[in-house]
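Colleague: Starting off with a structure, shown below.
The values are calculated or read from the model by the stated rules, or taken from the named source; none is laboratory data. If you're wondering where the values come from, they're calculated on a predicted model, not measured in any experiment. No Cβ is skipped: glycine too gets one built from the backbone with ideal geometry, and neighbour counts run over all protein chains shown.
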Amino acid sequence: MDPLLVMDHLRAGLLSSAEKESIKESHSTRRDRSRELISILFKKREKLKPFEHFIKALKQTDKNHEIMAKDILKTYKRDHGAAEFEKVSRTSLSHDGEAECSLQM
């Protein structure tokens, strides 16, 4: 995953300027920057829907990232069961269990 490309597709306001700089400047490898991005998103309040926006950003980045988003959703559905997945899908995912790509900035 290229976290700098993914950050470009995240909803405006989800990451602060300081968080973006931390991801860009503080970590020397792509792996470390990816971990930092995910760590920051994990700490966000659920009402900001960081998971949903992360999936949307992945899908909008490029085909490789879109495949990654689909794999993450499959894993999420498997690990959290249908009931939990349905709760998330009502608020942010389409009927087929995939994140919609209508990100507005």
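Colleague: For a quick check of your reading: which helices (runs of 4 or more DSSP H) sit entirely within the stretch 1-59 and have at least 1 residues that are surrounded by 12 or more Cβ atoms within 10 Å (Cβ to Cβ), under 12 Å from the mean Cα position of the chain (by Cα) and in contact (Cβ under 8 Å) with a residue 60 or more places away in the chain?
Modeller: Because the criterion is at least 1 residues that are surrounded by 12 or more Cβ atoms within 10 Å (Cβ to Cβ), under 12 Å from the mean Cα position of the chain (by Cα) and in contact (Cβ under 8 Å) with a residue 60 or more places away in the chain, the helices (runs of 4 or more DSSP H) in the stretch 1-59 that meet it are 3-9.
Colleague: Identify all residues within the stretch 23-59 that are modelled with pLDDT of 90 or more and among the polar types (S, T, N, Q); write none if there are none.
Modeller: Result: Thr29, Ser34, Ser39.
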